[in-house]
1. Give me 110, 89, 121, 70 sorted ascending by neighbouring Cβ count inside 10 Å, so fewest comes first.
2. Counting pairs of Cα atoms in segment 37-150, how many percent are more than 20 Å apart?
3. What order do you get for 69, 96 when you list them from fewest to most C-beta neighbours inside 10 Å?
Amino acid sequence: MQKRKISAIVAAIFALCVFSTAARAEDEKKIQPELDIKAHQLIRLHYIGGISPADLTVKAGTTVIWMNDSRAPVQLQFQGKQVTMACKSPVNFVIDELGSFISNLIPQGSVASLCFVEKGSYDYVFRKGSTGATYEQRDSIKEFKGKITVE
């Protein structure tokens, strides 16, 4: 009888250990969701030199981060094929009335990021200068073109 009690206690302790280890592993996955992100790529937006790198090839699931190294707020706009799906939470991007991602004004020294999930080529333009410029001031607004290719 006493052997049965000891065996039952040992079995209960073993089951408790196995259950708590499995639960802890699940909690760790929930606590660290960034482990599922495939990659990050950085693009710098320069005041004089434009976009570096201008052409970037990434795998689906990669988060592209644009760093505004220019001396003014900038804005990104996709041309041609539009980005309509993204994973995680985009930074400094909103969805326009047509369901496509466009950037807000990105302040000097700030970033914008977007995780690409759909394969294809995405051409974009980065504009620096005031969006509310007068006709005479429009010459000071510069545009640089870039391309993201998602494989």
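Just so it is clear, none of the values below were taken in a lab; they were calculated from the coordinates. Please read all numbers here as calculations on a predicted model, not as lab measurements. Ideal geometry is used to build each Cβ from the backbone, glycine not excepted, and the neighbour counts take in all protein chains shown.
1. Working: 110 15, 89 9, 121 12, 70 22.
Ascending Cβ contact count within 10 Å gives the list 89, 121, 110, 70.
2. Details: 2350 of 6441 pairs.
Taking all Cα-Cα pairs of segment 37-150, the fraction more than 20 Å apart is 36 percent.
3. Values: 69 15, 96 10.
Ranked by crowding around the Cβ, least crowded first: 96, 69.
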